[in-house]
1. Would you mind computing Rg(Cα) / (2.2 N^0.38 Å) for the stretch 108-157, counting N as its residues?
2. Which one of P223, P345, P170 has the biggest mean-square fluctuation once the chain is modelled by GNM with Cα springs under 10 Å?
3. Using just the helices of the chain, give the 222 nm mean residue ellipticity in deg cm²/dmol: DSSP H runs with n ≥ 4 each add -39,500 (n - 2.57), and the total is spread over all residues, rounded to 500.
4. Just the Cα atoms of the stretch 1-105, one point each, no solvent: what log10 I(q)/I(0) does Debye give at q = 0.23 Å⁻¹?
5. If you take every DSSP beta bridge whose two residues both sit in the chain, what share of them, in percent to the nearest 5, is antiparallel?
6. For helix 385-402, report the angle its Cα long axis makes with the longest principal axis of the Cα atoms of the chain; keep it between 0 and 90° and round to the nearest 10°.
7. What is the Rg over Rh value, at two decimals, for the stretch 179-244, using alpha-carbon atoms and the Kirkwood definition of Rh?
8. For the stretch 95-209, report the accessible area per residue in Å² (1.4 Å probe, heavy atoms, rounded to an integer).
Amino acid sequence: MDITERFLNYTKFDTQSSEESESVPSTAKQLVFAEYLKKELEDEGLSDVEMDDKGYIYATLKSNIKDKVPTIGFIAHYDTSPDCSGAGVNAQIINNYDGSDILLSEGIISSPKKFPELLQHVGEDLIVTDGHTLLGADDKAGIAEIVQAMCYLRDHKEIKHGDIRVAFNPDEEIGMGAHHFDVEKFGCEWAYTMDGGDVGELEFENFNAASAKVSIKGVSVHPGYAKGKMVNANRLAAEFAAMLPADETPETTEGYEGFYHLIGLKGCTENAQLSYIIRDHDRKKFEARKDFIEECVEKMNEKYGEGTVTAEVKDQYYNMKEKIDPQMHVIDLVLKAMQECGVAPMVKPIRGGTDGAQLSFKGLPCPNIFAGGVNFHGPYEFISIQSMQKAMNVVIKICELTGEYNL
């Protein structure tokens, strides 16, 4: 089976996760694909294949050398985003893409005028959707690349390598992918998530992240007799939102710039709630942002009375750079592998998070490598077959270079 067939098989499974669920995995349909993956790994001859009751899959490609070298791992998630349907994916291949508009379905066009990234892949073979679902390259492409690389190494014993561990997990898209990952069982010195975007992306810096739920207590009185009595929680919510800097939102920032993002707003006269996510690459600025939320709460309470406004601020994850910097050989290895595979590295910060960020703080240094997909989480998602092959080659080369380590 080649990498294209493998990936297309994966897209047939609906593995959408759900933020509304409290089960693990968040949707039972993820386990259907997990069972398929487990059997595929067994059929391909990997060792120590196991899946726990939460859908986390672990397996090993055994070492083919006598020397003791680091055990490394490759990780990808199999859930797809709640933002767009992953059911009934109808993938299409556009051979030798010529740079023109792509008709996905009647009336649905993927155009380089809107998505200029397409022009970076002229002459390549693109896998696209029919415009009604996402594709699932995030992150089924990562899984296909890892599995195909293990099969290649299995069949090419002239490439020397140590033990290689692979793991596939649910619920990354809802921020829960690393929560039940068994780092001790995985048993690696370091690992890589294959979950980045276009060719060459290498990420080992991500946001520090927190959530903030701001609750406001109002007083409801008949509006005809409300003077001096009513406290309109909705109006206070709008006042609170206006206290946060208007130029520090996702739509006004880029690069290393942090933000406050209002992701939810609901209320009535008596009660209102604002839900924020807080992001910043710089740890000091991140802490200052959380403090500013509390300062705004204090100012509101000084004006409207103690207990009128409360905030629950919770940390979500931290910048993996803090854990990667002391072990930069993990990055140097990828850069060398890319160079030898003819891939130009694009090192950039993630304006978000990955499972690797949480895993790094659980003791497993875990930067993120490109999987090759573009326009994730929507019906205009696509991936180049050549991009998947390049990602697979980088995995193979990393395994080969690690096999040259002496411990």
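The values are calculated or read from the model by the stated rules, or taken from the named source; none is laboratory data. All values derive from a computational prediction rather than experimental measurement. Methodologically, a virtual Cβ is constructed for each residue, glycine included, from the backbone with ideal geometry; neighbour enumeration extends over all protein chains shown. Heads up: the accessible areas ignore ligands, DNA and RNA and are worked out on the full protein's heavy atoms, side chains in. Shrake-Rupley method; radii C 1.70, N 1.55, O 1.52, S 1.80 Å.
1. Normalised by 2.2 N^0.38 Å, the Cα Rg of the stretch 108-157 equals 1.54.
2. Among P223, P345, P170, the largest mean-square fluctuation in the Gaussian network model of the chain belongs to P223.
3. The per-residue figure over the chain is -9000 deg cm²/dmol.
4. The calculated log intensity ratios at q = 0.23 Å⁻¹ are -1.31.
5. Once the DSSP bridges in the chain are tallied, antiparallel ones form about 75 percent.
6. Helix 385-402 sits at roughly 70 degrees to that axis.
7. Result: Rg/Rh = 1.36.
8. About 35 Å² of surface per residue is accessible.
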